[in-house]
Amino acid sequence: KGKVVLIDCWATWCGPCVASFPHLVEKHNKYADRGLAVISLSMDDEDNGQKVTAFLKKHNATFTNLHLKSDASAGRGLKEKLGYRG
């Protein structure tokens, strides 16, 4: 409550996502103390958990990351609820 929430959908296999991820971390570091809450949603396959964790550590991402199951239903839900166009 009282925070701006930035939600980012990404995947380790998505070139534009990987390229923009450092900017997400930068925004979090710059504005977290002013009320910005960053939540990232990894769209990687379930069996890529270690790859996702390594990526987050490499980029010093300390915000909340959720590893979503990437199935057709999840994709439709993201498109409908968040305007995700992946």
request  = Convert each backbone phi in segment 18-24 into a coupling constant with the Karplus relation 6.51 cos²θ - 1.76 cosθ + 1.60 (shift: θ = phi - 60°), then list the ³J(HN,Hα) values in order as whole Hz, x for Gly and Pro.
outcome  = 4, 5, 8, 4, x, 5, 5
ask   = In straight Cα distance, which aspartates and glutamates are under 14 Å from residue 27, not counting same-chain residues fewer than 8 positions off?
value = 8
ask   = Given H placed 1.01 Å from N in the peptide plane, which residues other than close sequence neighbours of residue 9 have an amide H under 5 Å from its amide H?
value = 41
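Bear in mind these aren't lab numbers, they're just calculated from the coordinates by the rules spelled out. Only a predicted model underlies this, so the values are computations on that prediction, with no experimental measurement involved.
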